[in-house]
Amino acid sequence: MGKALDGVRILDFTHVQSGPTCTQLLAWFGADVIKVERAGAGDITREQLRDVPDADSLYFTMLNGNKRSITLDTKNPEGKRVLETLIQHCDVLVENFAPGALDRMGFTWERIQELNPRMIVASVKGFGPGPYEDCKVYENVAQCAGGAASTTGFADGPPVVTGAQIGDSGTGLHLALGIVTALYQRVQTGRGQKVLAAMQDGVLNLCRVKLRDQQRLDRTGVLKEYPQFPNGTFGEAVPRAGNASGGGQPGWILKCKGWGTDPNAYIYFITQAPVWDRICKLIGREEWISDPDYATPNARLPKLKEIFAEIEHWTMQRTKFEAMALLNKYDIPCGPILSMKEIAEDQSLRATGTIVEVDHPVRGKYLTVGNPIKLSDSPTDVKRSPLLGEHTEEVMAELGYSSEQINALRAAGAI
Ligand code: CAO
């Protein structure tokens, strides 16, 4: 079966996490992703957090599946000429170098357009134009600057970063959407364009509901679904809301059987309004169904702490999976707190290809997260990441270089 992005060639100048997540997605959708790396070293993540001596790390292998790797010194004059050929040969150049690095290499937007006016140049940067545009940025910097850290954690603690890589992988996703959109527009215009996804912008986009709450707070001075209500105080900015639900349906994390020894014996419980009566019956507080102090969502807002404490008496008698099964029977929205170990062993995630086992010639078998986006006409076949420079000769031959030319470039240190 064909793939959605068959025929699209990506010059992948990405490294670390944000850019590689983007190009890995494009590769899963069928694009030919040619990862350009520095000879000898390659993407710095190949050797970061290594668990198997001399083998590419999981950091690298889990972000670079389905790609081809070539080594090229883009600061070498001969290497620059190879890069020019690659630019003429590809549809999209994706990069996440520090600001200005591509220009310093001699590949400005104008130069790239001269070489290939259809080329789409897609970049991840930490910040968009403005006071911080020249800054280098990593995941947690973006989480802090994009509004996630100030709104994550508990009211009486410091700001907290989240384990979800919303700055890196989140921005990679945003960039991938920008790229396929630009490819679509190119069908009409015949021209390439620049695509920029700034990590601060990507995080803020994912924190959109918190900017919603800021404006509600400005107007009313209170956020009634936050745990600070009714006894705490609100300041000028959206406070950290602990585990409160981000939406209009109050939720909290509750202890389950075994919580004393298992750090993940918890369940997320949502007191969704349409199933309030079922919740009351299940936990043995049927009087709350008609009691005007509990019967409506607004009446319940000042009592959420007490309500969740009561529900927790019920959840603590059951394991998170028992509670999940019972609650789902009554359509009560909830979710067990799954550990990474439980997720890694989950057979249903294996069955759907969301968790995939891949074989690698040096490190052996490893688990990776497959394509979370499933297309019915473009199924994803997850393949291992390439070794450093594994495809240099293959790609050079496709670009029209003869064996003699390839040997000469190698001798010159260009590849
Ligand atoms: N041949 C020759 N030189 C190469 C090369 C190649 N194949 N590939 C890269 N280089 C050079 C670059 O041209 C650059 O040189 P100059 O500094 O002389 O311009 C140099 O390698 C280093 O690139 P860098 O500055 O991007 O790398 P860094 O490790 O210093 O910074 C990072 C890393 C991530 C902080 C920075 O790239 C960045 O801010 N990127 C944008 C934001 C981003 O994506 N962050 C997420 C990272 S994941 O947490």
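Structure values in brief
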item: Val195 long-range amide H proximity, modeled H, under 5 Å; result: Val121, Ala122, Ser123
item: Per residue accessible area of the chain, 1.4 Å probe, in Å²; result: 50
item: For region 1-54, the Rg and Dmax computed from alpha carbons only, in angstrom; result: 13.1, 38
item: Amide H contacts of Val33 (H built 1.01 Å from N, under 5 Å, at least 5 apart or other chain); result: Ile10, Arg68
item: Over region 130-267, relative contact order from alpha-carbon pairs under 8 Å, at least 6 apart, %; result: 24
item: Charge tally in the Cβ shell below 10 Å around Ala299, where Lys, Arg are +1 and Asp, Glu are -1, Ala299 excluded; result: 0
item: Accessible-area composition of the chain, carbon plus sulfur, in percent [1.4 Å probe]; result: 54
item: Region 76-177, relative contact order [Cα under 8 Å, separation at least 6], %; result: 22
item: Phi-based couplings in Hz for region 318-333 (Karplus 6.51, -1.76, 1.60; Gly and Pro marked x); result: 10, 6, 4, 6, 5, 4, 4, 5, 5, 5, 5, 4, 9, 6, 8, x
item: Stretch gain in nm, segment Glu47-Lys194, where the contour uses 0.36 nm per residue and the Cα spacing is subtracted; result: 49.8 nm
item: Residue pairs, from the table Lys3/Lys194; Lys125/Lys194; Lys3/Lys365; Lys3/Lys374; Lys210/Lys320; Lys75/Lys194, whose Cα atoms sit over 19 Å apart; result: Lys3/Lys194; Lys3/Lys365; Lys210/Lys320; Lys75/Lys194
item: DSSP bridge orientation in the chain - percent antiparallel, rounded to nearest 5; result: 40
item: Difference of contour (0.36 nm per residue) and Cα-Cα distance, Ser290 to Ala412; result: 35.6 nm
item: In order through region 218-224: 3J(HN,Hα) via Karplus (6.51 cos²θ - 1.76 cosθ + 1.60), integer Hz, x for Gly, Pro; result: 4, 7, 10, x, 8, 10, 5
item: Helical mean residue ellipticity (222 nm; -39500 (n - 2.57) per DSSP H run of 4+; nearest 500) of the chain; result: -10000 deg cm²/dmol
item: Eligible aspartates and glutamates near Lys257 by straight Cα distance, threshold 19 Å, same-chain separation 8 or greater; result: Glu310, Glu312, Glu322, Glu342
item: Derived scalar couplings ³J(HN,Hα) [region 2-12; Karplus, 6.51 cos²θ - 1.76 cosθ + 1.60; whole Hz; x for Gly, Pro]; result: x, 10, 4, 9, 3, x, 8, 10, 10, 8, 9
item: The chain: relative contact order as a whole-number percent, Cα under 8 Å and 6+ apart; result: 19
item: Computed lengthening from Gln347 to Asp6, 0.36 nm per intervening residue step minus Cα-Cα distance; result: 119.7 nm
item: Inter-centroid distance (Cα atoms) of region 323-377 relative to region 170-189, Å; result: 28
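The values are calculated or read from the model by the stated rules, or taken from the named source; none is laboratory data. Predicted model, so just to flag it, every value in this text is computed and none were measured. Quick reminder, even Gly has a Cβ in these numbers, built from the backbone with ideal geometry, and neighbours come from all protein chains shown. When the accessible area is computed, the model is the full protein with side chains, heavy atoms only, and any ligands, DNA or RNA have been set aside. Shrake-Rupley method; radii C 1.70, N 1.55, O 1.52, S 1.80 Å.
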